[in-house]
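Taken together, the values in this text are just the output of simple stated rules run on the coordinates, not laboratory data. Small disclaimer: the values here were computed from a predicted structure and weren't measured. Reconstructed Cβ throughout: ideal geometry from the backbone, glycine too, with neighbour counts over all protein chains shown.
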Amino acid sequence: MEKRVTRVYKVVLTGGPCGGKTTGQSRLCTFFENLGWKVFRVPETATVLLSGGIKFSDLSAEEAFTFQENLLKTMVQIENTFFSLGDSCTRDCLIICDRGAMDASAFISPEKWERMMAANAWNPVELRDNRYNQICHLVSAANGAEDFYSTEDHACRSEGIELAKELDYNAAAAWVGHPYFDVIDNSTDFETKICRMIASVCQKLGIDTGDRLLTNSRKLKFLVNGPLPSDAAFPPYQDFDVVHNYLQTNTPKMQTRLRKRGQNGHWSYIHTIRKPKIRNQVVEVKTQLTHRDYINMLAQRDDSHFTIFKKRRCFLLNNQYFQLDIYREPSHPRCKGLILLETYSSAEDDQLKKSLPLFLAIEKEVTGNPQYSMFNLSLREEWTTTSKFCHALQSAEEEGNVASKLNGVKEPRLTNGV
C-alpha cells in the first residue's frame, strides 16, 4: 500500500494591535485539530524577549538595531525548530506563526533593514515568499472597529488609536509581495472576521468546509486599459517577474501548472492543481517546490500552450490587497497589451467601485469570463478551431448540461490592442 504524502502548511498571523491574532490563532488551531491535523503554534518572539525587561526607550540607536537583528535571528531559529518537527510529522501539519520574519521590517527604517539584510545575506524572496505558505493580516480594531479597540488585556500593548493605525499599516506593508497574502478587515462582526480568516486558509489548502465558514468574499478580476500611470501614482508596491507553464493532464476536468516568481534574481516555485467546482468554487491545491523539482516537472510541459510571461505588481490600498498582471511577449497576439487586476472582496456594486484603485483605467469586471482565463489565453491554437478551450471546470455530472449550451466558441475581440 502506497504511503500517503503528508502536508506541512506554514501560515503567519500578523496585524496591528487588537486585531484578533490571539483569538484567531486559538480558533484556527482548534478547527484544524478537529480535522485530524497536528497543529504547532510558534510564539511571538518579540513578546518573549520584551517580557524579559527590555525597553526600547532605554536602548541607543545602535543597541536597538542590534536587538532587532538578534530578535530576527531568534525568530528564525525558533520557527526552524517547529518547521523541522512538522517535516517529521506523520500527520498533516499546520504551523501557525505569531508574526513572521518580515514583521521586523515594520519597526525599523528601510535603510537599516537593507543593512541588516546585507549583513546576514538575507533576501526578501527567501524571508517572505519561500519561508511561509500564506500570510493572514488581521486588521487592527483601531481601523474600522474603533469602539472595540482596547489595550487593557495585553501586558506589552500601550498604543493609542492613531499609533495603532500606523503600526497596522506598516505591518501589512511589510508583507506586500507575498503570493498568498490575505487582508482580513473589520467590514463584518468579529465572529465573521475570524471565520473569514479560517476560510481563507482552508481555501488555499483546497479543504471543503461545507457551510461551516460561509462568507461572501470572492476572487475578482478586472480588465485594465493601458497605458499605466507612472510608478509615482501607485502606493508602495513590489514588482515580480512571473513565468507560468501548463502541464499535461490525464483529463480535461483538471488543470495543472507551474509558476516561477522572482525578484532581483531570487525565485520561488509553485505547482498548482485546479479541480472542478465544489459548492460553486473551483478548488486549487498549491504546493511549494524546490528548484530541482520545478526543473524536473517542466519536462511534463503541455506544448499546446504558450509559456506565459508577466510582470506582477502587488500593492495594498484601503486595507485591500491587489495584484496587477501585465502580460509580456512572447505570447499569443491575443495577450498583447493585456493588463488584469485581481483582488478578493465581499463588497458589492457601488461599494466595490469605491474600493478599486482610481488611478487605474478599469474598463470592466471579467470575473469568471473564460476569455480572460490564463488557461485559454495561453492556448497556441485559435479559439475558433481548438478543442481545448475551457468554458469552466466541470464535474462529470455537470459537463453534459453545460456542453449543450456552449458550442461554437467565437474568437472574441479583446481590448488593449489585442
Query raised in the report: In nanometres, what is the gap between the two model label sites at residue 342 and residue 228, each 7 Å from Cα along Cα-to-Cβ?
Result: 1.5 nm
Report summary line: At R0 = 41 Å the Cβ-Cβ FRET efficiency linking residue 22 and residue 266, nearest 0.05, sits at 0.80
Report summary line: Expected max-MSF residue from 174, 299, 392 in the GNM of the chain (alpha carbon, under 10 Å) is 299
Report task. Among 98, 302, 147, 129, rank each residue by its count of other Cβ atoms within 10 Å, from fewest to most, as a rough exposure measure. Result -> 147, 302, 98, 129
Report task. Could you work out how far apart the two model spin labels at residue 190 and residue 112 are, taking each label as a point 7 Å from the Cα in the direction of the beta carbon, and quote it in nm? Result -> 3.3 nm
Requested in this report: Compute the signed sum of charges (Lys and Arg +1, Asp and Glu -1) over the other residues within less than 12 Å, Cβ to Cβ, of residue 174.
Outcome: 0
Report summary line: Proxy exposure order for 247, 94, 163, 258 (fewest C-beta within 10 Å first) is 163, 247, 258, 94
Report task. Counting only DSSP beta bridges with both residues in the chain, tell me the antiparallel percent, nearest 5. Result -> 75 percent
Query raised in the report: Local charge sum around residue 271 (other residues, Cβ-Cβ under 12 Å, Lys/Arg +1, Asp/Glu -1)?
Result: +3
Query raised in the report: Tally Lys/Arg at +1 and Asp/Glu at -1 over every other residue whose Cβ is under 12 Å from the Cβ of residue 330; what's the total?
Result: +2
Query raised in the report: Cα centroids of the range 16-94 and the range 361-382: how far apart, whole angstrom?
Result: 41 Å
Query raised in the report: Considering the values (1) 58, 43, 38; (2) 71, 45, 39; (3) 72, 58, 43, which represents Cα extents along the principal axes in Å as calculated for the structure under consideration?
Result: (3)
Query raised in the report: Under a plain spin-label model, where a point goes 7 Å from the Cα along Cα-to-Cβ, how far apart in nm are residue 170 and residue 350?
Result: 3.7 nm
Query raised in the report: Out of 358, 71, 28, any idea which swings most in a Gaussian network model of the chain, alpha carbons joined below 10 Å?
Result: 358
Requested in this report: Kindly flag which residue pairs out of 354/388; 10/336; 193/353 have an alpha-carbon separation exceeding 27 Å in this structure.
Outcome: 354/388; 10/336
Query - Fraction in percent of alpha-carbon pairs per bin - 10 Å, the range 8-213 - result: 8, 34, 37, 18, 3, 0
